[in-house]
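This report concerns only the one structure given below.
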Amino acid sequence: MQERERQQLQELMTRLSQGDRSAFPPVFEALWPRLQRFTERMLPHRADAEDAAQAALLRIFNRAHEFDPSRPALPWALGIAAWECRTLRKKTQRRRETDDEATLDLASEGHSPEELTIRNNLTEAAARVLGELRPADVEALLTMAHGERGEHGGLPAATFRKRLERALQRLRTAWRTNHGAP
């Protein structure tokens, strides 16, 4: 997201938090594609990602009065989306739903049941650990993972590298806390 877009989102969220109802459509237009991309990266199924993005957007609109204009709007919105993804994953685990489509795809590629189990367990563990990180850390890690070189959210390259270094350290710490040393 470019600096200009971030500032526009900040202004729109500030208006929305102050009760300006005309800010709803532009906030929706600014946030919806970003929330969809974010949730698609966090959840294995596109339908679940859309559900989480919709729930996040509803929660953002319902809690707009809680938005603090002195803090950045995008990390606040992504934090809500991360919470919705985590909630959806927990509901799925409670119902003991499985990832049948992914399992069938991997099985057709010749993977053994052990490999499938290991892959699914690692994916779930990584998603849980990412869900514990701050939204700004997740955003930096996703930018790095998807090779979006040159775009650092309007930050100077050195600032982004430092932010990424800190995000990686927090990721390592969270992984070790939850799963021990690699």
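The values are calculated or read from the model by the stated rules, or taken from the named source; none is laboratory data. Source: prediction; values computed, not measured. All Cβ positions, even for glycine, are placed from backbone atoms using ideal geometry, and neighbour counts span all protein chains on display. Just the protein is used for accessible areas: all its heavy atoms, side chains included, with ligands, DNA and RNA removed. Shrake-Rupley method; radii C 1.70, N 1.55, O 1.52, S 1.80 Å.
Below are the figures for this structure:
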{"item": "With DNA, RNA and ligands ignored, accessible area of H179 (1.4 Å probe; Å², nearest 10)", "result": "80"}
{"item": "Largest to smallest accessible area among D48, D68 [probe 1.4 Å]", "result": "D68, D48"}
{"item": "Cα radius of gyration and Dmax for region 1-70 (Å)", "result": "12.6, 36"}
{"item": "By average C-beta atoms within 10 angstrom, highest first, the peptides 121-127, 7-13, 82-88", "result": "82-88, 7-13, 121-127"}
{"item": "Accessible area (Å², 1.4 Å probe, nearest 10) - I118", "result": "100"}
{"item": "R41 accessible area, 1.4 Å probe, all protein chains in place, Å² to nearest 10", "result": "90"}
{"item": "Region 38-80: projected area of the alpha-carbon convex hull, averaged over directions, in nm²", "result": "2.8"}
